[in-house]
Amino acid sequence: MTILDTNTVDVIGTLPEQNLAVLSISDHLEWDDAQTSEHLLLLQEKINTYLRYIESGEVYTSFPSAKGRDFAIRIYCKYEPNTEARAFIERATPILRGAGVELEVVVDPERRFTH
């Protein structure tokens, strides 16, 4: 599953040492300026799906290990997000944080940025 599958959760796991349940989005698309708006729409839809999954409690039914943990959505990008994508992430971060969910973007394991 990838960012193209906007109605599904790609991966979920836990980081027990951080008391965290991490829902991961796999984003393999390039941040091509000509298609940035379409890419951002896919990302927004995917994040909304994840938020509904958490807020509805469905996460606890399908992944009981999430009970009692904090949540994070981690976006794994194959390509470095462009300026518009970073601006979107900066706007989305406080909204998600208000819902009790942290947002993190990973371009590769060595280069990670959070907001």
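Rule-based calculations on the coordinates, nothing more; no lab input. Note that the coordinates shown come from a computational prediction; the quantities given were computed from them, not determined experimentally. Positions of Cβ are generated from backbone atoms using ideal geometry, with glycine treated the same way; all protein chains shown enter the neighbour counts.
Here are a few things to note about the model shown:
- Against the main long axis of the alpha-carbon atoms of the chain, helix 36-55 sits at an angle near 10°.
- Estimated FRET transfer efficiency when R0 is 22 angstrom, pair VAL11-TYR79 (beta carbons, to 0.05): 0.70
- Ordering ALA99, ALA87, HIS39 by Cα displacement along the dipole of the chain toward the positive end leaves ALA99 in first place; charges were set at the Cβ atoms of Lys, Arg (+1) and Asp, Glu (-1).
- Per the Kirkwood formula applied to alpha carbons, segment 16-82 shows a radius of gyration over Rh ratio, Rg over Rh, of 1.06.
- In nm, spacing of pseudo-spin labels at VAL107 and SER56 (7 Å Cα→C-beta vector): 3.4 nm
- With θ taken as phi - 60° and the Karplus curve 6.51 cos²θ - 1.76 cosθ + 1.60 applied, the whole-hertz 3J(HN,Hα) list for segment 77-85 is 9, 6, 10, 4, x, 7, 4, 5, 5 Hz, x standing for glycine and proline.
- For the chain, the alpha carbon convex hull comes to 94 Å³ per residue, rounded to a whole number.
- Of the residues LYS78, LYS46, LYS67, the one with the fewest other Cβ atoms within 10 Å heads the list, and the complete ranking is LYS67, LYS78, LYS46.
- Using θ = phi - 60° in the Karplus curve 6.51 cos²θ - 1.76 cosθ + 1.60, the 3J(HN,Hα) couplings for segment 88-94 round to 4, 4, 5, 6, 6, 4, x Hz; x is entered for Gly and Pro.
- Scanning residues 5 or more positions from VAL105 or on other chains, those with amide H under 5 Å from its amide H are ILE75, PHE113, with H placed 1.01 Å from N in the peptide plane.
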